[in-house]
Amino acid sequence: MGVDYIREHYGMPWLKRGLAITVAGRPGKVVGFHGPWVRVRFEGVKRGTVVTHPCWETVYATTDGDISGDFTTPQGRDAERERGGE
């Protein structure tokens, strides 16, 4: 498991390291993957990462600021459920 599993299972072909991510309102950056989870380093934290569900209260953005995926809205959560997620 890893990024390929997440991309396919959750319908996130754009997912990659380096994307800006906000998890439950806390901004950070995708730094890797651990099994079916996304590894995040939050802003202001020099060391250490947090492993989080790819679709739990997350917003992904490109370096240009374009939103790749928003799983904080009812529409985003419904789309994730339709793909067979939680």
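Values in this text are rule-based calculations from the coordinates and carry no lab data. Everything numeric here is computed off the predicted structure, so don't read it as measured data. Neighbour counts run over all protein chains shown; Cβ positions are idealised from the backbone, glycine included.
Taking 0.36 nm per residue of sequence separation and removing the Cα-Cα distance, the Lys16/Glu57 pair yields an extension gain of 13.0 nm. Here the gap between Lys46 and Asp70, fully extended at 0.36 nm per residue and compared with their Cα-Cα distance, gives a gain of 6.1 nm. Using the Karplus relation 6.51 cos²θ - 1.76 cosθ + 1.60 with θ = phi - 60°, the per-residue 3J(HN,Hα) values for the stretch 54-71 come to x, 10, 8, 6, 10, 10, 10, 9, 6, 5, 7, x, 6, 7, 8, x, 10, 9 Hz, with x marking Gly and Pro.
Could you pull out the chymotrypsin sites (Phe, Trp or Tyr not before Pro) across the stretch 1-75 that fall in loop regions by DSSP (anything but H, G, I, E, B) with no more than 16 other Cβ atoms inside 10 Å? In loop regions of the stretch 1-75 (DSSP not H, G, I, E or B), the sparsely surrounded chymotrypsin sites (Phe, Trp or Tyr not before Pro) are Trp14, Trp56.
Loop-located trypsin sites (Lys or Arg not before Pro) across the stretch 1-78 with a Cβ neighbour count of 16 or fewer within 10 Å are Lys16, Arg17, Lys46, Arg47, with loop assigned by DSSP.
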